[in-house]
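Note sheet for the following structure.
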Amino acid sequence: MVYPIVAFGSPVLKRVAQDVEVPSDETVQFIEDLFETMYASKGVGLAAPQVGLSSRIFVVDGSPFSEDAASPEEAEVLKTFKRAFINPVILEESGEAWGFEEGCLSIPDIHETVQRKPSILIEYQTPEGEFIEETFTGLPARIIQHEYDHIEGILFLDRLTPLKRRMLRGRLSDISSGKVSASYRMVFNVK
Ligand code: NI
């Protein structure tokens, strides 16, 4: 099932999401729907709050980014970087912050450079309830950091300078009031 994407301005995007119980058939089905929704809207990551559910779940598939990779090794990682993260906790972020132009399905047509650290250590659960600890660097790490922000109620806009945000104010208010055209279905002001 393809969900509509929750647009910027919706309170659910600002809320800290709740842990989920795994294993559960419901979560398995939800993750399948989240992937389907992400592919339908051509994203490389999608978090549960973006379909209106305030749960600590997000999915990623970085394969469309493999051509943007900084090295052949990173390109290889991105090609198979498809995963669901349940109840994730970023345990460590390290390295010198670097900039990359990010976008977000909830904020169509706005792309801005965001600074993030290049390396992360993350713990998460699989749909079977197993705990996994993994290190990611470069673009895979960035995709995770962006999605992880979503379950913390943070948008990439919150990481821009106040000046940048002020410059975007008009376009953002258009998005939140539904004056936006996206290639996928959107919903507005979702609590
Ligand atoms: Ni996003």
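V180 meets each of the listed conditions (1) within 16 Å of the ligand (Cβ to nearest atom); (2) open to solvent by less than 80 Å² (accessible area, probe 1.4 Å); (3) not in a loop (DSSP other than H, G, I, E, B) apart from (3). Select from the stretch 25-46 the residues that are within 11 Å of the ligand (Cβ to nearest atom) and farther than 17 Å from M1 by Cβ and list them in ascending order. Within the stretch 25-46, V44, G45 meet the criteria.
Which of the residues spanning the stretch 15-32 are surrounded by 15 or more Cβ atoms within 10 Å (Cβ to Cβ) and within 15 Å of the chain's Cα centre (by Cα)? Matches in the stretch 15-32: A17, I31. Quick check on I175: is it surrounded by 14 or more Cβ atoms within 10 Å (Cβ to Cβ), under 30 Å from D25 (Cβ atoms) and touching a residue at least 24 places away in the same chain (Cβ under 8 Å)? So I175 does not fit the description; no.
The residue that is farthest from L121 (Cα to Cα), counting only those in the stretch 79-90 that are of a type in the set (K, R) and assigned to a strand (DSSP E or B), is K82.
Could you say whether any residue in the stretch 148-168 is within 12 Å of the ligand (Cβ to nearest atom), open to solvent by less than 20 Å² (accessible area, probe 1.4 Å) and touching a Gly at 6+ places or on another chain (Cβ under 6 Å)? Scanning the stretch 148-168, I find no residue that is within 12 Å of the ligand (Cβ to nearest atom), open to solvent by less than 20 Å² (accessible area, probe 1.4 Å) and touching a Gly at 6+ places or on another chain (Cβ under 6 Å), so the answer is no.
Take the conditions (1) in contact (Cβ under 8 Å) with a residue 40 or more places away in the chain; (2) open to solvent by less than 60 Å² (accessible area, probe 1.4 Å); (3) in contact with a Leu (Cβ under 9 Å, 6 or more places away or on another chain); I144 misses just one of them, which is (3).
Residue-by-condition table, conditions (1) more than 17 Å from L139 (Cα to Cα); (2) open to solvent by less than 30 Å² (accessible area, probe 1.4 Å); (3) in a helix (DSSP H, G or I); (4) not charged (D, E, K, R):
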position: G9; (1), (2), (3), (4): yes, no, no, yes
position: E36; (1), (2), (3), (4): yes, no, yes, no
position: G43; (1), (2), (3), (4): no, yes, no, yes
position: V60; (1), (2), (3), (4): no, yes, no, yes
position: V77; (1), (2), (3), (4): no, no, yes, yes
position: E92; (1), (2), (3), (4): no, no, no, no
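Which strands (runs of 3 or more DSSP E) does the stretch 96-140 wholly contain that include 2 or more residues that are more than 16 Å from the ligand (Cβ to nearest atom) and surrounded by 20 or more Cβ atoms within 10 Å (Cβ to Cβ)?
Details: elements: 98-104, 107-116, 119-125, 131-137.
In the stretch 96-140, the matching strands (runs of 3 or more DSSP E) lie at 119-125.
The values are calculated or read from the model by the stated rules, or taken from the named source; none is laboratory data. Keep in mind it's a predicted model, so treat the numbers as computed, not measured. When we count neighbours, we look across all protein chains shown, and the Cβ atoms used for this are built from the backbone with ideal geometry, even at glycine. Side chains are part of the model used for accessible areas, which takes the heavy atoms of the whole protein and leaves out ligands, DNA and RNA. Shrake-Rupley method; radii C 1.70, N 1.55, O 1.52, S 1.80 Å.
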